[in-house]
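The values are calculated or read from the model by the stated rules, or taken from the named source; none is laboratory data. Every value quoted in this text rests on a predicted model; they were computed, and no experiment measured them. Every residue, glycine among them, receives a Cβ derived from its backbone with ideal geometry; neighbour counts consider all protein chains shown. These area figures cover heavy atoms from the full protein model, side chains too; ligands, DNA and RNA do not enter into them. Shrake-Rupley method; radii C 1.70, N 1.55, O 1.52, S 1.80 Å.
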Amino acid sequence: GAGGRRAQRGGSGRGGRGAMAPPRVAPRWLPSSATPAMMAVLLGSSWCLPVGAVFELDDVSSAESCQSWMSDYNADQLGRIVKMNCDKVELAIEEWDQMQNGNSPEQVHDWEHRGLKGLNMCKEAQAKLKNGHAWDAAHLAVAAFGTGIMQNHLCCTRLTAPNCVIPIHHTSAFTFRTPAGILLCAFVLLLTTMCFGSCIDSCVKRSKAEQRGEEQDSDDFGPPVTSGGGGLMSGSSGLARELQHEWMQTSPLRVLPGADAYARSASTLFSALHAAFEFQTDSVKNQYEHFMSMLLSHCATVADRFVEDGQVDEQSLLSDALDDLHCELMEGFVRWRGNYRECAGSGMDADAAVPPAGGISWTNLPAQVCKPADAEQATERSRQMVEIATYLLVWGEGGNIRFMPEVVYFLTELALASEGPGASGFYGAGPVGSGHSGRFLSRIIRPLYTLVFDEWYQKVEINAKGGDSKVLHKDFTRFLLPDVANYDDWN
């Protein structure tokens, strides 16, 4: 079980403080389709100003992007910002002092420097606050923690949760007064000149394609990999692209090593399952976000374990977090499946390397996501991911049958073991559900719940308050017959 796995690893199992390294966020003004040539032009135009210019951003001005959150604050609220940030500075220093064992002299020196800088800025902020300069005090306090301690990676200016956000971008100091700076500037200008023509040509071609209405499929998704069964049912490239964008543009997971491969695999997997079993689109999006949220939480828990061992290994963070998530979330399913397979005549085979899951085509995790590269471990992670995704999607659709967890497990196992829809599809001929219902909801979940409902109730009425009121069968209001099935019986 999850507890046993954690005990073997020496894990604490406590909630994550978010011990991942501070995220390095790409500037959001760069278009998603920007080519390396376009990036060179942008960098060249922003860096190579007249030689001798100095771009140095002091600790206070680095917090400029945070000021917009405080523009409407009064003096009392600004005082709370000062206290909140300076408390964070003191807490960070206290926590560091408690876990210095195993750190290198360079790490100790760097942290002492950052801690001293944060404390000095807080002292100055408190002095300004005492003298009635609340705005300047808040500005300094935000910089004390966000810049002095977190090195421009966090902006704590909100009075309600979440108090801190990740800045859109930050600027580092750089000077071109040295000969090395001049040479670098010249090199960037040369690169800009060489790439400018290529950039324009690329933009013109893209513009013409868009005018013709051609859809430009991204190469990020790579060649499809069939998970099993010989089928080749892939999902909508539009949905997959939207899901991948969600991971790589809005989730903190995007900064971890291997994030692009995990985002590609997860997005193509959820999209392919959506197409194969006809789950509701919004439900798929919700469960994809649910999956990312749980994976992020487990990344923090794994990072806590690494901290206790002395160092965070970000290279294996996503792999270990996925393993932990599968162990915890799928513990009941794995136990149920093992017990069911022991039953005579169950017809269930041993685990496939990667379940066929309807013969879907999706991008499995490559060996490179494991450090060192390990194809066998990557296959295991792909198996865990498809089991988690299938379970979440079945559970997400089955709101009315969640009180029967073994039924949810059974449907999950059927979906994982299915090898393909056949000529008539998974659900045979028949109309799609009314409204926005997909066929999994209208042909699987709804009939199951109707069967359970009909055992006890005859209809649903609108009560005096305008809500739903279930009407029991005749005489059921006085007593239930001994052979009436209840939820445990159906389960």
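What pairs come up if the first residue lies in segment 376-401 and is closer than 15 Å to G438 by Cβ and touching a residue at least 24 places away in the same chain (Cβ under 8 Å), the second is of a type in the set (K, R) and assigned to a helix (DSSP H, G or I), and their beta carbons are under 6 Å apart, counting only those six or more places apart or on different chains?
From segment 376-401, no pairs qualify.
Return a yes/no flag: does segment 62-75 have any residue that is surrounded by fewer than 17 Cβ atoms within 10 Å (Cβ to Cβ) and modelled with pLDDT of 85 or more.
yes
Go through segment 413-457 and give me each residue that's under 17 Å from V284 (Cβ atoms) and either at pLDDT below 80 or outside any helix (DSSP H, G or I) (or both).
Listed by number, the residues that qualify are F426, V432, G433, G435, H436, S437, G438.
Read through the list (1) farther than 15 Å from E278 by Cβ; (2) at pLDDT 90 or above, then give the number of the only condition that K474 fails.
Of (1) farther than 15 Å from E278 by Cβ; (2) at pLDDT 90 or above, only one is false for K474: (2).
Restricting the search to segment 221-255, which residues are at pLDDT below 55 and polar (S, T, N, Q)?
Selection gives T226, S227.
Taking the residues in segment 457-484 that are in contact with a Lys or Arg (Cβ under 8 Å, 6 or more places away or on another chain) and among the hydrophobic types (A, V, I, L, M, F, W, C) as candidates, determine which candidate is surrounded by the most Cβ atoms within 10 Å (Cβ to Cβ).
Residue satisfying both the conditions and the ranking: V471.
Filter segment 133-157 for residues that are part of a loop (DSSP other than H, G, I, E, B) and open to solvent by 60 Å² or more (accessible area, probe 1.4 Å); which is modelled with the lowest pLDDT? Outline the logic, then answer.
Going through segment 133-157, the residues part of a loop (DSSP other than H, G, I, E, B) turn out to be 133, 150-154, 157.
Filter once more, so that each one left must be open to solvent by 60 Å² or more (accessible area, probe 1.4 Å): 133, 151.
Working: H133: 92, Q151: 80.
By that ranking, first place goes to Q151.
Taking into account only those residues within segment 402-412 that are in a helix (DSSP H, G or I) and open to solvent by 20 Å² or more (accessible area, probe 1.4 Å), which is farthest from W336 (Cα to Cα)?
L411
Could you list, in sequence order, the residues of segment 436-456 that are farther than 20 Å from F403 by Cβ and loosely packed, with under 11 Cβ neighbours inside 10 Å?
Passing the criteria: none in range.
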